[in-house]
Amino acid sequence: MKSVYLFDLDGTLTDPKQGITKSVAYALSKFDIHVSHLDDLCIFIGPPLLDSFMEYYHMSKEDAEKAITYYREYFSVTGLFENEVYEGITKLLQTLKNQGKKCYVATSKPEVFAKQIMEHFQLGEYFEDICGASMDSTRSKKGDVIAYALKKHGIQKEDAIMVGDRKHDILGAKENGLPCIAVLYGYGNKTEFEEAGADVIIEDIPAFLEYIKKEA
């Protein structure tokens, strides 16, 4: 039984598809790369942007850093609010709160943007703190963000569990000695989760509610 839940943001608490894919498309257009379908950019949801620009568009680190600057031109003004809270999330978070659990956000999104999003969607009341990446990318990988959250709040790893929708959440949790719940309603899939070694795979939010009620 865990007393602390660390939640990923994108694809776990909210569906950021429109905002992220439009921001990526805007950044790519600066390199004269034009994408026909925004759905093709869903691969950018979850992992650190630097890694994604380098992996999927074979950019040098220097160009990837420029792409992030362009991405933020759009995202910081418009993209961060092109987002929606998954149906049932507030009920899930309220249930955890009623059980006396402490919840934290641990996201690879820059902390400043994560805090704006949480405030905009009125989710902050359910969380002790919102921990994210640094703007200079020195803290961007999920394992580093989780370590930062644990250290900042003196959380013992045996008390905590990570919740996320991509393999990066699972691998980051394992780096820090935490188990991980992988949720299928986001942007990952069962094969990805099994290969990464998820401890629990949950289909949807109603199933997640049943899980935490049993774990209470």
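Could you identify the single residue in I170, I202, I181, I155 that is within 26 Å of I68 (Cβ to Cβ) and β-branched (V, I, T)? Quick ask: steps written out before the conclusion?
Numbers: I202 fails: within 26 Å of I68 (Cβ to Cβ); I181 fails: within 26 Å of I68 (Cβ to Cβ); I155 fails: within 26 Å of I68 (Cβ to Cβ).
After ruling out the rest, the residue left standing is I170.
Being in contact with a Gly (Cβ under 6 Å, 6 or more places away or on another chain) and not in a helix (DSSP H, G or I) is the filter; apply it to segment 11-45 and report the residue that is surrounded by the fewest Cβ atoms within 10 Å (Cβ to Cβ).
Looking at residues that are in contact with a Gly (Cβ under 6 Å, 6 or more places away or on another chain) and not in a helix (DSSP H, G or I), I get I45.
Which of (1) under 20 Å from G186 (Cα atoms); (2) out of contact with any Pro (no Cβ under 7 Å at 6 or more places or on another chain); (3) modelled with pLDDT of 95 or more is the odd one out, the single condition P110 does not satisfy?
Of the numbered conditions (1) under 20 Å from G186 (Cα atoms); (2) out of contact with any Pro (no Cβ under 7 Å at 6 or more places or on another chain); (3) modelled with pLDDT of 95 or more, the odd one out for P110 is (3).
Can you tell me how many residues in segment 159-189 are part of a helix (DSSP H, G or I), of a type in the set (D, E, K, R) and over 14 Å from K102 (Cβ atoms)? Before you say what the answer is, go through the steps one by one.
The first filter runs over segment 159-189 and keeps only residues part of a helix (DSSP H, G or I), leaving 159, 167-175.
Add one more test, that the residue is of a type in the set (D, E, K, R), and what stays is 159, 167, 169, 174-175.
Going one step further and asking which of them are over 14 Å from K102 (Cβ atoms), we end up with 167, 169, 174-175.
Within segment 159-189, residues that are part of a helix (DSSP H, G or I), of a type in the set (D, E, K, R) and over 14 Å from K102 (Cβ atoms) number 4.
Filter segment 68-97 for residues that are assigned to a strand (DSSP E or B) and either out of contact with any strand residue (DSSP E or B) (no Cβ under 6 Å at 6 or more places or on another chain) or among the acidic types (D, E) (or both) and give the result. Explain how you work it out, then say what you get.
Initially, segment 68-97 is screened for residues assigned to a strand (DSSP E or B), giving 84-85.
The answer is E84, and nothing else.
Where the second residue is of a type in the set (S, T, N, Q) and crowded, with 20+ Cβ neighbours inside 10 Å and the first is more than 23 Å from K157 (Cβ to Cβ) and lies in segment 172-199, which pairs have Cβ atoms under 6 Å and are six or more apart or on separate chains?
Going by the 6 Å Cβ cut-off, the qualifying pairs are G186/T12.
What number goes with the only condition from (1) surrounded by fewer than 22 Cβ atoms within 10 Å (Cβ to Cβ); (2) in contact with a strand residue (DSSP E or B) (Cβ under 6 Å, 6 or more places away or on another chain); (3) under 24 Å from I201 (Cβ atoms) that A149 does not pass?
(1)
If S140 passes every condition in (1) in contact with a strand residue (DSSP E or B) (Cβ under 7 Å, 6 or more places away or on another chain); (2) part of a loop (DSSP other than H, G, I, E, B); (3) at pLDDT 95 or above but one, which one does it miss?
(3)
Looking at V77, V24, V105, V35, can you tell me which residue is of a type in the set (A, V, I, L, M), over 25 Å from A147 (Cα atoms) and touching a residue at least 40 places away in the same chain (Cβ under 8 Å)? Give the steps one after another, and end with the answer.
Working: V77 fails: touching a residue at least 40 places away in the same chain (Cβ under 8 Å); V105 fails: over 25 Å from A147 (Cα atoms); V35 fails: touching a residue at least 40 places away in the same chain (Cβ under 8 Å).
Result: V24 is the single residue among V77, V24, V105, V35 that is of a type in the set (A, V, I, L, M), over 25 Å from A147 (Cα atoms) and touching a residue at least 40 places away in the same chain (Cβ under 8 Å).
Please state which of the following conditions S36 fails to meet, knowing it meets all the rest: (1) farther than 23 Å from M162 by Cβ; (2) at pLDDT 95 or above.
Of everything listed in (1) farther than 23 Å from M162 by Cβ; (2) at pLDDT 95 or above, S36 misses just condition (2).
Within segment 195-207, track down each residue that is in a helix (DSSP H, G or I) and either closer than 26 Å to Y148 by Cα or not assigned by TED's automatic domain parsing to the domain that holds K101 (or both).
Just the residues of segment 195-207 that are in a helix (DSSP H, G or I), to begin with: 195-196, 205-207.
Selection gives E195, A196.
Among the candidates T12, T107, T95, T21, which residue alone is among the β-branched types (V, I, T) and farther than 30 Å from K213 by Cα?
T21
The values are calculated or read from the model by the stated rules, or taken from the named source; none is laboratory data. Remember, predicted model here, so these are calculated numbers, not experimental data. Because the Cβ atoms are built from the backbone with ideal geometry, glycine has one as well, and the counts that use them run over all protein chains shown.
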